[in-house]
Each structure stands twice: as structure tokens, then as C-alpha cells.
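For reference, the structure is listed below as C-alpha cells.
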Amino acid sequence: MTGVLDSLGKAARHNYILIAECRGMGQPCGRRSSFLPGDLAEIYGAGRDPHRLRFHCSECGSKRVKIILIKPDERNRDVIVKRPRKRQVVEWVEMRYRIF
């Protein structure tokens, strides 16, 4: 794909996975969490720039988080992603996401 993935809707349409990686102060803990852009678009809107989302590390509490968009392929077909569980408050749970 050529062009820029400047919205969650475009990333979801092209089946990308969003990874939030901790870049904490001093020594980053390296925690990574994966999300489906379509799930994030339901909450933040499809036009939202994925690189402008605000995450914080659940391990060390840092707000310095790097956003990475990857296209699943043969090497990373089986990825654990956090998916929302609908309640009164949105709760994120990890599930296996398999590409065929």
C-alpha cells in the first residue's frame, strides 16, 4: 500500500494492527500492547490519527508510548490483541487474533 495511514479508519480498512510500546523515562520497560484499529475507531472515531492517541504504560505508568502500525503477514499471523468488552465502562481484554 502506498500513502499514509493517517486515520484509524484507513488502518482498519487495510487490516493493520496498532502496537503501543513503552518508551518510559530513563530505562523503558519495553511493554507492548496490540490493538485492532477498528476497535479503537469505534471509541475515538475513524478519522482520528493513530499517532495522536494517548496511551500510558500499565507496567511503569509512563506516558511516553511509541505507536507502531504493522501489517500482519506469514511471520506474525497469530497476534494477541486487546479487544473492548462492552460494559458501562470499556474494559480491554487480550484475545488471540488469527489471520488466515
Flagged in segment 26-62 as small (Gly, Ala, Ser) and in a helix (DSSP H, G or I), in numbering order, are Gly38, Ala41
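Quick check, is Glu21 under 12 Å from the mean Cα position of the chain (by Cα) and acidic (Asp, Glu)?
Values: under 12 Å from the mean Cα position of the chain (by Cα): yes; acidic (Asp, Glu): yes.
Yes; evaluated as a whole, the condition is true for this residue.
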Those residues that are aliphatic (A, V, I, L, M), assigned to a loop (DSSP other than H, G, I, E, B) and either within 30 Å of Gln27 (Cβ to Cβ) or in contact (Cβ under 8 Å) with a residue 12 or more places away in the chain (or both), I need them from segment 63-92; list them, please.
-> Val90
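Would it be correct to say that Leu18 is assigned to a loop (DSSP other than H, G, I, E, B) and touching a Phe, Trp or Tyr at 6+ places or on another chain (Cβ under 8 Å)?
Against the criterion (assigned to a loop (DSSP other than H, G, I, E, B) and touching a Phe, Trp or Tyr at 6+ places or on another chain (Cβ under 8 Å)), Leu18 does not qualify.
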Among the residues of segment 41-71 satisfying the criterion of being farther than 15 Å from Ala12 by Cα and of a type in the set (Gly, Ala, Ser), which is nearest to the chain's Cα centre (by Cα)?
-> Ser58
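Coordinate-derived values only; no laboratory data. The shown structure was predicted, so the numbers you read here are calculated from the model rather than taken from an experiment. Cβ atoms come from the backbone with ideal geometry, glycine included; neighbour counts cover every protein chain shown.
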